1. Normalised by the residues of the stretch 109-163, what does the relative contact order come to in percent, with Cα pairs under 8 Å and at least six apart?
2. Using a 7 Å offset from the Cα along the Cα-to-Cβ direction at both ASP194 and GLU79, what is the distance between the two label points in nm, to one decimal?
3. Net charge within 12 Å of MET124 by Cβ-Cβ distance, Lys/Arg positive one each and Asp/Glu negative one each, not counting MET124 itself?
4. Taking only the Cα atoms of the stretch 126-248, how large is their convex hull per residue, in Å³?
5. Classify the chain: rounded, prolate or oblate, from the alpha-carbon gyration tensor (a ≥ b ≥ c, eigenvalue square roots; a/c under 1.5 rounded; otherwise prolate if a/b is larger than b/c)?
6. So what is the calculated 222 nm ellipticity per residue for the chain, using -39500 (n - 2.57) for each DSSP H run with n of 4 or more, over all residues, to the nearest 500 deg cm²/dmol?
7. Hey, what's the chain come to in accessible area per residue, 1.4 Å probe, Å²?
8. For the cross-link pairs LYS131/LYS174; LYS174/LYS232; LYS126/LYS232; LYS50/LYS126; LYS131/LYS232, which exceed 23 Å when the distance is taken from alpha carbon to alpha carbon?
Amino acid sequence: MITYDFSGQTAVVTGGTRGIGRGIVEALLAAGARVFATYAGNEAAAAAFKAAMVTAGDRLALHRFDVGDYAAVEQFWRELDPVAERVDILVNNAGIRRDGVVGMLAPEDWRAVLDTNLGGTYAMSKFAVLKMMRARYGRIVSITSPSGELGFEGQANYAAAKAGQVAFTRSLSKEVARRGITANCVSPGFIDTDFIGGLPPEQLKGYRDLVPLRRFGTPADVAQAVLFLASKEAAYITGATLDVTGGL
């Protein structure tokens with residue numbers, strides 16, 4: 001496994017207490033970073049994560065708010081200013097799914113998925129950019145999905161949001177490049193987390209059979225891709241999407 005040194009750097013990871021987000025936070029902490037991890041509402045998972053990461057000490061702080069709520073995002077960044085002079089890395093990982101075929105999809109399910117997955121990426125990135133521009137350095141990595149390109153049945157809202165993330169990132173990368181800020185996406189395929197854990201066994205087998213490597217990925221697989229794009233070594237990569245899909 002490649003090792004990185006993020007000592008002295010500060011990262012913000014949304015959806016950072018479970019699944020892929022937790023794997024990213026753990027990897028950043030192991031590499032020496034200070035991390036602010038956000039979560040929307042699962043207090044039990046957040047408490048369990050905090051207890052498991054006790055050795056990180058004051059390098060890990062948890063904050064609860066909904067990234068789909070612009071005012072809550074703005075408040076988070078306002079409160080962050082006095083305690084973090086700079087933020088070097090933002091990982092937009094928070095995401096939700098509310099599946100349903102378009103003909104039966106409730107308007108609130110359409111809006112919730114767009115607000116969290118795409119609106120949250122916009123709002124978090126906006127305030128991160130303002131902070132990063134002052135330092136003339138930054139790394140923004142957004143977790144997207146092959147669904148945005150392939151369009152899985154029953155996931156029109158999720159696919160639209162994830163495709164939007166990629167387009168948003170391409171535009172953002174051009175806007176901030178001269179300030180030493182890069183913006184990229186990581187696109188995980190089927191990752192072994194509770195995001196897919198509730199699916200029926202036959203559906204899981206069907207998904208696994210689609211993967212040329214014949215296994216689901218792990219949060220650690222995704223975290224390594226994120227750490228690479230968040231590193232100083234990836235300075236000439238921006239506006240890109242890195243697939244972590246096992247060959248989908």
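The values are calculated or read from the model by the stated rules, or taken from the named source; none is laboratory data. Bear in mind that the values here come from a model prediction, so they are computed numbers and not experimental data. Every residue, glycine among them, receives a Cβ derived from its backbone with ideal geometry; neighbour counts consider all protein chains shown. The area values use the complete protein model at the heavy-atom level, side chains included, leaving out ligands, DNA and RNA. Shrake-Rupley method; radii C 1.70, N 1.55, O 1.52, S 1.80 Å.
1. Details: 39 pairs, mean separation 24.4, N = 55.
Normalised by residue count, the contact order of the stretch 109-163 is 44 percent.
2. So the label points at ASP194 and GLU79 sit 2.2 nm apart.
3. Working: positive: LYS126, LYS131; negative: ASP66, ASP69, GLU74.
Local net charge: -1.
4. 110 Å³
5. Working: a/c = 1.41, a/b = 1.35, b/c = 1.05.
Since a/c stays below 1.5, the shape of the chain is classed as rounded.
6. -13000 deg cm²/dmol
7. On the way: 11800 Å² over 248 residues.
On a per-residue basis, the chain sits at 48 Å².
8. On the way: LYS131/LYS174 17 Å; LYS174/LYS232 18 Å; LYS126/LYS232 21 Å; LYS50/LYS126 27 Å; LYS131/LYS232 18 Å.
Violating the 23 Å Cα-Cα cut-off are LYS50/LYS126.
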